[in-house]
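Reviewing the structure listed below.
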Amino acid sequence: MFKNKREKRAFVNFLLIAPFIVLTLIFCYYPLYGWVYAFFDYRPPRPMTIESFVGLKWFKSMVESPVKVQQILGVLRNTFVMSGITLSTSWIPMLFAVFLNEIRNTRFRKFVQTATTLPNFISWVLVYSIAFSLFNSTGMMNSFLQGLGIIKEPILFLQSSSHVWLTQWLWLTWKNLGWAAIMYISAISSIDEEMYEAARVDGANRWKIIWTITIPNLLPTFFVLLMINIGNFLSNGMEQFYVFQNAFNKEYIQVLDLYVFNLAMGSGSYSISVAISMLKSIISLALLFFANGVSKMVRGESIL
């Protein structure tokens with residue numbers, strides 16, 4: 001059946017990844033069939049028929065209605081700001097991994113790594129529960145400040161819209177910092193130890209070693225993750241903003257994913273929500289190819 005051991009090994013490797021290929025096809029590509037709803041006037045539970053076909057009606061409605069245009073522009077503003085903050089601070093996990101690697105006490109290093117990774121496995125519902133307990137008008141923070149006499153009236157931390165972008169970024173960073181650093185920790189472990197030994201022999205101190213050896217070896221990983229983040233620029237996720245939204249901050253917290261969800265589940269506008277999601281996916285794919293092309297021109301390397 002196999003001409004040589006190389007073909008047998010290749011077949012075995014294919015069998016190992018085959019289940020993941022099947023899962024990708026089922027959960028990533030098969031749902032793309034749902035794009036067809038963007039071209040119909042769909043009203044559940046009625047089936048789609050040729051009579052309900054409307055062509056590009058829902059795509060045109062995004063720019064024909066001034067109210068809809070204003071809503072979408074506001075949503076895009078929130079999406080761009082949140083994604084821009086996340087993208088501009090994407091170097092923080094790399095820096096955290098570098099300093100974590102410099103901790104000489106093994107037990108303390110493992111404790112810090114575990115403590116910063118665990119929040120990634122906490123659902124956003126529980127994160128909001130923590131935030132509510134701490135920053136509610138009768139929560140611990142307000143009770144503490146009032147007890148010290150610093151404030152007389154409670155501060156509405158969760159209801160305020162003036163700092164919602166910053167607070168959402170802080171919660172996201174707290175939740176994902178340890179998990180995002182794992183890739184960099186793995187990359188650090190693959191750096192040749194002889195490079196460190198040669199630098200120490202030459203008299204380089206710890207900061208010099210970090211700057212000339214560790215960080216340059218982490219940059220390829222950073223640029224790959226950066227390109228992926230650029231491709232996901234319009235995808236902020238929905239869960240975080242869904243649990244933190246309220247009537248006071250909705251204008252500034254509603255990102256594109258949450259807007260699509262509210263359209264579909266709130267007002268029943270399934271077709272236009274699919275149309276917006278479809279455009280978002282196409283633009284995200286274009287951004288990924290653009291970032292890949294820039295990387296190929298500037299660095300001579302690409303991921304596609």
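Odds and ends about this structure:
- For Asp192, solvent-accessible area (1.4 Å; no DNA, RNA or ligand), Å²: 80
- Efficiency of FRET from Cβ geometry, Phe27 and Phe99, R₀ 45 Å, rounded to 0.05: 0.80
- For the set Phe157, Phe132, solvent exposure ranked by accessible area (probe 1.4 Å, protein chains only) runs largest to smallest as Phe132, Phe157.
- Annotation: extensible slack from Met141 through Thr114 equals 7.1 nm (criterion: 0.36 nm per residue apart, minus Cα-Cα distance).
- Accessible-area order (highest first, 1.4 angstrom probe) of the listed residues Ser162, Ser295, Ser137: Ser162, Ser137, Ser295
- Within region 87-109: backbone nitrogen closer than 12 Å to the Asn232 label point (7 Å, Cα to C-beta): 87
- Each other residue within a Cβ distance under 12 Å of Gly293 adds +1 if Lys or Arg and -1 if Asp or Glu, for a net charge of +1.
- Per-residue ellipticity at 222 nm computed for the chain from its helices equals -20000 deg cm²/dmol, with DSSP H segments shorter than 4 residues left out and the rest contributing -39,500 (n - 2.57).
- Given a 1.4 Å probe and the protein chains as shown, Tyr33 ends up with an accessible area of around 140 Å².
- Measuring against 20 Å, Cα to Cα, the residue pairs Lys208/Lys296; Lys68/Lys280; Lys57/Lys280; Lys175/Lys250; Lys68/Lys250 contain Lys208/Lys296; Lys175/Lys250 as the ones spanning a longer distance.
- Taking only the Cα atoms of region 65-299, the radius of gyration and Dmax are 21.6, 69 Å.
- Heavy-atom accessible surface of the chain: percent carbon and sulfur, 1.4 Å: 68
- Placing dummy labels 7 Å off each Cα toward the beta-carbon, the span from Leu15 to Ser133 is 4.9 nm.
- Nearest-0.05 FRET efficiency for Leu148 and Phe290, computed from C-beta distance (R0 51 Å): 0.50
- Per-residue SASA entry for Met48, accessible area with 1.4 Å probe, Å² rounded to 10: 60
The values are calculated or read from the model by the stated rules, or taken from the named source; none is laboratory data. Bear in mind that the values here come from a model prediction, so they are computed numbers and not experimental data. Please note: Cβ atoms are built from the backbone with ideal geometry, for glycine as well, and neighbour counts cover all protein chains shown. For accessibility, only protein heavy atoms count, side chains too; no ligands or nucleic acids. Shrake-Rupley method; radii C 1.70, N 1.55, O 1.52, S 1.80 Å.
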